[in-house]
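Just so it is clear, none of the values below were taken in a lab; they were calculated from the coordinates. In this text the structure is predicted, and so the values were computed from the model without any measurement. Every residue, glycine among them, receives a Cβ derived from its backbone with ideal geometry; neighbour counts consider all protein chains shown.
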Amino acid sequence: MNPVTPLSFMNHIIKMVPMGDHQHLEFSALFKHRVLSLLSDFKLVHYRPSVISAAVTLHVMKHMDFGGENLDSCKNELCGILQFNKEKLEACYQLIRTSLANGNNY
């Protein structure tokens, strides 16, 4: 049995986000890159893989300028589907932004 990781949620999340095929490929590549670059950040151990995955999703969507004003509705939808609260998602998202801004994006 394989352990659950943030990458385990990628396909599930991609199916929820309406994008074209090319955008799905770009999203998938950016998602994987961000998750793998964050593996060494020990501060993320406080968050469930689903929360990390959702926060990375928001980060990638913002990077791709996808969602725009709908980013808040995406947050709500992710929280509802993956069953965690918005505060945890926001805290994890801020931690990821800080971590990637400080150079942990190999």
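Given the rule -39500 (n - 2.57) for each run of at least 4 DSSP H residues, summed and divided by the residues of the chain, what is its mean residue ellipticity at 222 nm, to the nearest 500 deg cm²/dmol? Walk me through the intermediate numbers first.
Working: 5 runs with 68 residues, N = 106.
Rounded to the nearest 500, it is -20500 deg cm²/dmol.
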* Asked: At q = 0.13, 0.18, 0.29 Å⁻¹, what base-10 log of I(q)/I(0) does the Debye formula yield for the stretch 8-67 when every alpha carbon is treated as an equal point scatterer in vacuo?
  -> -0.31, -0.59, -1.38
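Among the helices of the chain (complete DSSP H runs), which have Cα atoms covering no less than 20 Å along the helix axis and a Kyte-Doolittle mean of at least 0.0?
Values: long enough: 21-38 (26 Å, -0.18); 49-63 (21 Å, 0.81); 86-101 (22 Å, -0.23).
Helices passing the filter in the chain: 49-63.
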* Roughly speaking, what is the stretch gain from Arg97 to Ser40, that is 0.36 nm per residue apart minus the C-alpha to C-alpha distance, in nm to one decimal? -> 19.1 nm
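Answer rounded, prolate or oblate for the stretch 44-84, using the Cα gyration tensor with square roots of eigenvalues a ≥ b ≥ c: rounded when a/c is under 1.5, else prolate when a/b is larger than b/c, else oblate.
Taking the square roots of the gyration eigenvalues as a ≥ b ≥ c, the stretch 44-84 is oblate.
Write down the Kirkwood hydrodynamic radius of the chain, to one decimal in angstroms, obtained as one divided by the mean of 1/r over all alpha carbon pairs.
Details: mean 1/r = 0.0727 Å⁻¹.
Over the chain, the inverse of the mean reciprocal pair distance is 13.8 Å.
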* What nm distance separates the two modelled labels at Arg48 and Lys62, each placed 7 Å from Cα along Cα→Cβ? -> 2.3
